[in-house]
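The values are calculated or read from the model by the stated rules, or taken from the named source; none is laboratory data. Note that the structure is a prediction, hence the values are computed from the model and not measured. Glycine gets a Cβ as well: all are built from the backbone with ideal geometry, and neighbour counts include every protein chain shown. Accessible surface areas use protein heavy atoms only, side chains included; no ligands, DNA or RNA. Shrake-Rupley method; radii C 1.70, N 1.55, O 1.52, S 1.80 Å.
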Amino acid sequence: MKNLTSLEQFEQLRDGGKTIFMFSADWCPDCRVIEPILPEVEAKFSEFTFIHVDRDEFIEVCQQLDVFGIPSFIAFENGKELGRFVSKDRKTQEEIEEFISNLK
């Protein structure tokens, strides 16, 4: 999963194609728990570009999108929000995959 590097990159990715942003932070234990399963999730849903967003580095993006809990996922296609899985709760691989499957 690539890391978000700038606000401009966020806007380009949000507005071009199918992108899922995963909001996370280094200090978040629930985020660390799901990290090992993310490559498998990415492989299953290769039509999406997956981007890791560090909530501490991009707090303005989190505020703009009302992301107050992590880990959280927001999907966009060509600038339109397809769906969000936003909460402070720990997420399982099954829950993440179900969220993405329901976007289609």
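Since only A75, P36, V61 are under comparison, the one whose Cα sits farthest along the positive direction of the charge dipole of the range 23-77, derived from C-beta charges on Lys, Arg, Asp and Glu, is P36. A simple spin-label model places pseudo-atoms 7 Å from Cα toward Cβ; at D89 and E11 they are separated by 3.5 nm. Across the accessible surface of the chain, with the other protein chains kept in place and a 1.4 Å probe, carbon and sulfur atoms take up 48 percent. Other residues whose C-beta falls under 10 angstrom from the C-beta of P71 contribute a net charge of +2, scoring Lys and Arg +1 and Asp and Glu -1.
Approximating the spin labels as points 7 Å out from Cα along Cα→Cβ, the H52-to-W27 distance works out to 1.8 nm. Summarising the amide proton neighbourhood of H52: residues at separation of 5 or more, or on other chains, whose placed amide H is nearer than 5 Å comprise K2, N3, L4, M22.
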